[in-house]
Amino acid sequence: MPKRLSQLVIGKLHLYLGLSCGIVFVMLGLTGSLIAWLPELDALLNPTLLQATPNHPGAPFLVTPQKVQEVVDHLSANPAYGKPAQLNPPSHPHDVYVASYRRPLPADAAATAQALTRQVMLDPYTLEIKGEREWGRYGLSRPLLMPTLFHLHRYLLSGEIGKTLVGGAGVVMLVLALTGLVLWWPRPNWPALRRALRISFGGSWPRLFYSSHKASGFFAAPVLLVLAFSGVYMNLPQVVVPVVDMVAELGPTGKLGNTSAGPHIPPGAAMALAQALYPGGRVSRIALPAKPALPYEIRVRQPNEVAQGDGATRITLDAVSGKPLRVRDPLRAPGGERFLGWQFPLHSGQAFGTAGRVFISLFGLLPLGFFVSGTLVWWKRRRK
């Protein structure tokens, strides 16, 4: 194909993909800017639900296996709640315990339906029930606003179908970033490179829009490629993981069951066993066995992990004997698993701490700028 014709084809592909999917990218960028701060904004919007007041300000903050057991026993004894499916202990003195109760979708639910999880919040000092909400229910009220933004960003408010569509949008973003780089690429000389990187006005608004779109696209392309690939991985892992597995080693991922039968060890004991494996880590999530044959799944955040929040250390414990069945440690994981473990921290900005989250929040505004400038350039040329 002649170079001029190939450039024309690539240009048309870039144009029509951008025009047809631009609104989706604008929405993903704006919601991503907000949910980069989801825990903080959620707590700010819902202080009576998600914030606790320490009984003794300045006293050491401890989350112990005994306290976790007390929380589970307190809920289990109350017929309005019962034993939770999962418990998230607080990570800071002003956080609360969050107990989750899964509500599976009915068999006749629509393909776009979203599964709901009942979240019950408890004060870590008094065990008072502060309130509850349904994670997965959409709304603009304070308790539902941040979860709704999250589900809009991840699922387009359309359940698993929306998740697949967002993954497909990530593929389109990869194509847009790559075709944009091809269209930007100047001749191999310094004057051409300077022109390609310069934003010029010269009394012409179309020239300003075109040059800003082109120059800023070059600098944004590497970040867009990272965000697009990580988004595809998180939404369509069945596509990405086999490809990574062909070039790098991955850890085992199959489901496990208890190796013996009998009564389960209590959640507090399971937490103590996880802490014994990682004394310097913080237990961030305890998934209780839903069936007699299922093990405990415990999440731990180690101090040196790239993943913030709940961390990425996963411990599967035999619910009968307490024996570790599998430990997935991101600091000792094989290469392929480490590569995949970086995807969410890069996507959310967590990999670089607060500065990274600020960068992602600001970068989320760029798709709006690209869509506006690209549309204006197209409209001006179309009128001519």
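Only the coordinates and a few stated rules stand behind these numbers; no lab work does. Quick caveat: nothing in here was measured; it's all calculated off a predicted structure. Glycine gets a Cβ as well: all are built from the backbone with ideal geometry, and neighbour counts include every protein chain shown.
What the table below lists for this structure:
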item	result
Principal-axis tilt of helix 237-247 within the chain, Cα atoms, nearest 10 degrees	80 degrees
Fluctuation leader among Val68, Val239, Val283 - the chain, Gaussian network, Cα springs under 10 angstrom	Val239
Translational D in µm²/s for the chain (Stokes-Einstein at 4 °C, 1.567 mPa s, Kirkwood Rh from C-alpha pairs)	55 µm²/s
Potential lengthening between Lys12 and Tyr125 on full extension [0.36 nm per residue; Cα-Cα distance subtracted]	34.6 nm
Angle between the chain longest axis and helix 353-363 axis [Cα atoms, degrees, rounded to 10]	40 degrees
Vicinal HN-Hα couplings computed from phi for the stretch 39-44 (Karplus, 6.51 cos²θ - 1.76 cosθ + 1.60; Hz; Gly/Pro x)	x, 5, 5, 4, 5, 5
Folded to 0 to 90 degrees: helix 3-35 orientation relative to the chain principal axis, Cα	40 degrees
Relative contact order (percent, whole number), the chain, Cα cutoff 8 Å, 6+ residue spacing	18 percent
Cross-link partners of Lys291 among lysines (Cα-Cα below 29 Å; sequence separation of 8 or more within a chain)	Lys67, Lys83, Lys130, Lys163, Lys255, Lys323
Label zone at Leu376 (point 7 Å along Cα-to-Cβ), backbone N below 16 Å, the stretch 186-209	199-209
Average Cα contact separation per residue, the stretch 267-351, under 8 Å, 6 or more apart, as relative contact order %	21 percent
Placed amide H near Leu325: partners under 5 Å, 5+ positions off or other chain	Thr316, Leu317, Asp318
Ellipsoid equivalent to the stretch 267-351 - semi-axes via the Cα gyration tensor, in Å	24, 13, 12
Whether the stretch 32-126 is rounded, prolate or oblate, judged on the alpha carbon gyration tensor where a/c under 1.5 counts as rounded	oblate
Per-pair calculated FRET efficiency, R0 = 41 Å: Ala111 and Val358 via Cβ, rounded to 0.05	0.65
Gain on full stretching of the segment that runs from Trp205 to Val223 - 0.36 nm per residue minus C-alpha separation	3.8 nm
Mean ellipticity per residue at 222 nm, deg cm²/dmol - from DSSP H runs of n ≥ 4 across the chain, formula -39500 (n - 2.57)	-17000 deg cm²/dmol
Relative contact order %, the stretch 195-336, counting alpha carbon pairs below 8 Å whose residues are six or more apart	19 percent
Added length on full extension, which subtracts the Cα-Cα distance from 0.36 nm per residue, Glu70 to Arg383	105.7 nm
Choice from Pro237, Pro106, Pro90 with maximal GNM fluctuation in the chain (Cα, 10 Å cutoff)	Pro106
